[in-house]
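Below is one structure, written out as structure tokens; comments come after it.
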Amino acid sequence: MAGIKALVVLSFTGAIGLTFLMLGCALEDYGVYWPLFVLIFHVIAPIPHFIAKRATDDSDASSSSCQELAYFFTTGIVVSAFGLPIILARVSVIKWGACGLVLAGNAVIFITIQGFFISLTCLWN
């Protein structure tokens, strides 16, 4: 039952993050949809973790080189997701208000993704 509550909370926070992202694009003052490209980063962020989880064996080692490489790639993806709106605002493609909304949405969505992995780990153990 606790797992269902966690998934409901995670879906709610994911919806809030996507709302921030859409507000950064669709408000009348901003009206530019280039920030939606950060959705690509949201989709590919968990992929290195899934690959590392599948490729490593279940040994007692607290860390492996494959897991560390997955953390490195995931960190690069997350930093890129935060960097794209800043670069778009810096070159005046989007306004700084839209950049702030997209960054807030990024923070909420990535916290939601992390919460999903934490709850998934608790459910399987």
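Worth a mention:
- The residues of the chain have, on average, 66 Å² of accessible surface per residue, using a 1.4 Å probe with all protein chains present.
- To put it simply, the accessible area of the chain at a 1.4 Å probe is 71 percent carbon and sulfur.
- Computed over the Cα atoms of the stretch 72-125, pair by distinct pair, the Kirkwood hydrodynamic radius stands at 12.4 angstrom.
- Listed residues GLY24, GLN67, LEU120: farthest to the positive end of the dipole of the stretch 10-123 (Cβ charges): GLY24
- Reciprocal of mean inverse Cα separation for the chain (Kirkwood radius, Å): 15.8
- For the chain, the 222 nm mean residue ellipticity estimated from helices alone, with every DSSP H stretch of n ≥ 4 adding -39500 (n - 2.57) and the total spread over all residues, rounds to -26500 deg cm²/dmol.
- Using the Cβ-Cβ distance between TRP96 and ILE44 with R0 set to 22 Å, the FRET efficiency works out to roughly 0.25.
The values are calculated or read from the model by the stated rules, or taken from the named source; none is laboratory data. For clarity, every value in this text was computed on a predicted model and none was experimentally measured. All Cβ positions, even for glycine, are placed from backbone atoms using ideal geometry, and neighbour counts span all protein chains on display. Surface accessibility is based on the protein's heavy atoms, side chains included, excluding ligands, DNA and RNA. Shrake-Rupley method; radii C 1.70, N 1.55, O 1.52, S 1.80 Å.
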